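Just below is one structure, and these are the notes that go with it.
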Amino acid sequence: MADIVLDHITKKYGDGYEAVKSMDLEIKDGEFMILVGPSGCGKSTALNMIAGLEDISDGELKIGGEVVNSRAPKDRDIAMVFQNYALYPHMTVRENMGFALKLAKVDQKEIDRKVEEAAETLDLTEHLDRRPANLSGGQRQRVAMGRAIVREPKAFLMDEPLSNLDAKLRVQMRTEVAELQDRLGTTTVYVTHDQTEAMTLGDRVAVMRSGILQQVDTPGELYNDPVNLFVAGFIGSPSMNFVHGKVSGNEIELPFTTLPLTEDLRSAVGDSDGREVIAGLRPEHFEDAELVGDHLGAGVTFEAKIDLVESMGSELYAYFDAGSDQVDKVEQAASEAGLDELAGGDTNQIVARLAPESKARRGETLKLWVDQDRLLLFDPETGERLRA
Amino acid sequence: MENTGREKTLWTIALVLVLIFALIPVLWIISLSFKTPATITDQSFIPTEFSFENYESLFKGGISESPFIKPLINSLGIALITTFISIILASFAAYAIARLDFPGRSVMLAGALAIAMFPPISTVGPLFDMWRALGLYDTWPGLIIPYLTFSLPLAIYTLVAFFREIPWDLEKAAQVDGATPFQAFRKVIVPLAAPGMFTAAILVFIFAWNDFLFAISLTSSDASRTVPAALAFFTGDSTFTQPTGSIAAAAVIVTVPIIIFVLLFQRRIVAGLTSGAVKG
């Protein structure tokens, strides 16, 4: 076991394209670190550089305190789980799992013992003598995990290991992976594009975009305290609502209502009256005004015409129009922040997550309440979060 | 459904016709090889007098006297050595072409193709002179080298296609598992490319085994003359008998290794060995 330190790691290809730009990341011993971001953000490249499958153009990589930049993958003592599992088709499950130990010239008895132990953990004992072709997707996935754990390496590297599984199996395996990592306590770097996996699995999550590390934090902090528009929009499902806002005195004018600014936000925007900002509000910070009790904090009530209602049973999503005159500015800022592919294009619609008892009906006007303390403000030019 | 029935019949008829066309000459050679010298010209398809005389005459006198045993050894040796070297070299070359992005990769492939297209006859004259000067004339290497030249492009092309089918992640997995690049190649890539290797091996072997042009031009004695060339030098038992019977018998014998080769490896030449490696 070991910690992994990325010190200004850069990947530059022959054509000048930089896939990873000066990435600084410290992964503690035993930590479960998630690299998350949309496709093409450089997260897999970063992982491959840690594994040694891609050369590091610049910067220093340390595993367990040693600089390993120029070491071959085999000398880094790390195990990797691939998206497509990459099982050796000409070997049985047993041989697949024992391959690394065999290469390391471990005693055959010892190999058998370790493989059987790992198979026990992963529920693969009865499949040990079958070949990967005869296994189901979930079993192959477990073999790939098994191949990694028998080696007791310094670190696990996982490259979207669950993305080829169907939805139900993915949730089940997600729990298994989390339990396994917890039990083994091995440093793990896990790459995914799925923000749900990132939120549920990791001790800490590193959000990347276009080769640049945006924010590294615990899932809770990322959710509540994003540093910029991109992280705010990427983390959370359904994603955060963004609307155009204009500061006026101690208040901010939003398309559908006016909210008082908290003291922190007040100092964050400075005293420039009339400043234009992007306001972010998560769906769950809205509520049906009739259902708001005393237990919720200070808020503002406004009326909105509901366009669409989706009932999930445990909750209810109400969509309403933000007012089209604001759309352009928000859209521009969102696309600069790389959110256009995430927001589903329709920045015009606000999603509110309401309690299932809500009487929201399509086409009717509903009194909505919004939590004024949870408002986040962003700079429309840079996308940076405005804070005190 | 009526249509498919009729189609089936038509296909069957077509297949039978092709089979007859292809197999009649083979059967004829077999029939000839069992005829006695007296009946060889009797024009009957089935031998009237059945005998092994032709086969016996091929091996009569042991290795020193027989016109056939030494060429057979030459043929086997030269073809096997060619196949072995060709497959080893081609698998390295093909692996590099399929996997690595190096400058001149496409030039290399184009060059290989150009060599394969080159008419061998135009190289025979220069080779004859060069080989005599270098002392390679009428030796095994004298034939193995030109065979390698013309079989390598074929083998490289076949193997590149097979290597490309193998998921690259397998190799990465092997490297992370602690394999050196060569171990990854030998323990993971080669077993998976085995069907391709056997296909290429058979093609190269048949090419070397069947060649007549180089064999007749670059040899002068039993030291390196292969069977196809040796057949041309067969003589009858006396000045007045045609060697038809012994040529037929020799032709039958040289076909046998090819059949054995193909039968041995045909089960391995089944693609789909890679299924199950990755989610497909």
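The values are calculated or read from the model by the stated rules, or taken from the named source; none is laboratory data. Note that the structure is a prediction, hence the values are computed from the model and not measured. As a convention, Cβ positions derive from the backbone with ideal geometry for all residues, glycine included, and neighbour counts pool all protein chains shown. The accessibility values were calculated without ligands, DNA or RNA, using every heavy atom of the protein model including side chains. Shrake-Rupley method; radii C 1.70, N 1.55, O 1.52, S 1.80 Å.
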Exactly one of A:ASP182, A:ASP194, A:ASP166 is under 25 Å from A:PRO226 (Cα atoms) and not hydroxyl-bearing (Ser, Thr, Tyr), and that residue is A:ASP194
Filter result for the condition that a residue is buried (at least 18 other Cβ atoms within 10 Å of the Cβ), within 14 Å of another protein chain (Cβ to nearest Cβ), touching a Ser or Thr at 6+ places or on another chain (Cβ under 6 Å) and farther than 30 Å from B:LYS70 by Cβ, over B:LEU170, B:LEU192: B:LEU192
In the stretch A:67-83, what count of residues is obtained for those that are buried (at least 16 other Cβ atoms within 10 Å of the Cβ), more than 8 Å from chain B (Cβ to nearest Cβ) and in a strand (DSSP E or B)? 1
Filter the stretch B:145-166 down to the residues that are open to solvent by 30 Å² or more (accessible area, probe 1.4 Å) and either at pLDDT below 90 or closer than 29 Å to A:ARG151 by Cα (or both), then identify the one that is nearest to the other protein chains (Cβ to nearest Cβ). B:GLU165
Given the condition at pLDDT below 85 and either open to solvent by less than 60 Å² (accessible area, probe 1.4 Å) or in a loop (DSSP other than H, G, I, E, B) (or both), answer yes or no: does some residue in the stretch A:361-368 qualify? no
May I ask you to say which residue of B:SER86, B:SER44, B:SER91, B:SER33 is crowded, with 16+ Cβ neighbours inside 10 Å, over 22 Å from B:PHE261 (Cα atoms) and among the small types (Gly, Ala, Ser)? B:SER33
It is to be established whether one or more residues within the stretch A:95-110 are under 16 Å from A:GLU152 (Cα atoms), part of a helix (DSSP H, G or I), in contact with a Lys or Arg (Cβ under 6 Å, 6 or more places away or on another chain) and within 9 Å of chain B (Cβ to nearest Cβ). yes
Elements of type helices (runs of 4 or more DSSP H) contained in the stretch B:139-233, each with 3 or more residues being in the same structural domain as B:ASP129 (by TED's automatic domain parsing) and in contact (Cβ under 8 Å) with a residue 40 or more places away in the chain: B:140-165, B:168-176, B:190-210, B:213-217, B:227-231
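Going residue by residue through the stretch A:51-59, is there one that turns out to be assigned to a strand (DSSP E or B) and open to solvent by 20 Å² or more (accessible area, probe 1.4 Å)?
Narrowing the stretch A:51-59 to residues assigned to a strand (DSSP E or B): A:58-59.
When the remaining residues are screened for being open to solvent by 20 Å² or more (accessible area, probe 1.4 Å), the result is A:58-59.
The answer is yes, given that some residue of the stretch A:51-59 is assigned to a strand (DSSP E or B) and open to solvent by 20 Å² or more (accessible area, probe 1.4 Å).
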Those residues of the stretch A:251-274 which are farther than 17 Å from A:VAL370 by Cα and not aliphatic (A, V, I, L, M) amount to A:GLU263, A:ASP264, A:ARG266, A:SER267, A:GLY270, A:ASP271, A:SER272, A:ASP273, A:GLY274
Restricted to the stretch B:195-211 and to residues being closer than 15 Å to B:ILE88 by Cα and open to solvent by 40 Å² or more (accessible area, probe 1.4 Å), the residue farthest from the other protein chains (Cβ to nearest Cβ) is B:LEU203
Show the residue pairs meeting these rules: Cβ distance below 8 Å; 6+ apart or different chains; first residue within the stretch A:88-113 and more than 13 Å from A:LEU128 (Cα to Cα); second residue open to solvent by 50 Å² or more (accessible area, probe 1.4 Å) and hydrophobic (A, V, I, L, M, F, W, C). A:PRO89/B:LEU273; A:HIS90/B:LEU273
Tally of residues being over 26 Å from A:LYS154 (Cβ atoms), part of a strand (DSSP E or B) and not charged (D, E, K, R) across the stretch A:1-44: 0
How about the stretch B:180-189: which of its residues are facing chain A (nearest Cβ under 7 Å) and open to solvent by less than 10 Å² (accessible area, probe 1.4 Å)? B:VAL188
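Looking only at helices (runs of 4 or more DSSP H) that lie completely in the stretch B:1-98, which have at least 3 residues being touching a helix residue (DSSP H, G or I) at 6+ places or on another chain (Cβ under 7 Å) and closer than 25 Å to B:ALA229 by Cβ? Full working, then the answer.
On the way: elements: B:2-33, B:53-59, B:62-65.
The qualifying helices (runs of 4 or more DSSP H) are B:2-33, B:53-59.
So that you can scan it fast, the table gives a plain yes or no per residue for (1) in a loop (DSSP other than H, G, I, E, B); (2) touching an Asp or Glu at 6+ places or on another chain (Cβ under 6 Å); (3) within 13 Å of another protein chain (Cβ to nearest Cβ):
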position: A:LEU47; (1), (2), (3): no, yes, yes
position: A:TYR85; (1), (2), (3): yes, no, yes
position: A:ASP112; (1), (2), (3): no, no, no
position: A:THR121; (1), (2), (3): no, no, no
So, of the residues in the stretch A:134-152 that are assigned to a loop (DSSP other than H, G, I, E, B) and facing chain B (nearest Cβ under 9 Å), which turns out to be farthest from the chain's Cα centre (by Cα)? A:LEU135
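Does B:LEU109 fit the bill of being in contact (Cβ under 8 Å) with a residue 12 or more places away in the chain, part of a helix (DSSP H, G or I), open to solvent by less than 40 Å² (accessible area, probe 1.4 Å) and not assigned by TED's automatic domain parsing to the domain that holds B:LEU143? Full working, then the answer.
On the way: in contact (Cβ under 8 Å) with a residue 12 or more places away in the chain: yes; part of a helix (DSSP H, G or I): yes; open to solvent by less than 40 Å² (accessible area, probe 1.4 Å): yes; not assigned by TED's automatic domain parsing to the domain that holds B:LEU143: no.
Judged against the criteria, B:LEU109 is not a match.
Hey, among A:ASP123, A:ASP129, which residue is under 23 Å from B:GLY178 (Cα atoms) and out of contact with any His (no Cβ under 8 Å at 6 or more places or on another chain)? Please lay out each step first, then the result.
Numbers: A:ASP123 fails: under 23 Å from B:GLY178 (Cα atoms).
Of the residues listed, the single one that is under 23 Å from B:GLY178 (Cα atoms) and out of contact with any His (no Cβ under 8 Å at 6 or more places or on another chain) is A:ASP129.
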Condition check for B:ILE69: closer than 23 Å to B:PHE233 by Cα and at pLDDT 80 or above: yes
Test of understanding: among B:ASP138, B:ASP177, which residue is within 9 Å of another protein chain (Cβ to nearest Cβ) and open to solvent by less than 40 Å² (accessible area, probe 1.4 Å)? B:ASP177
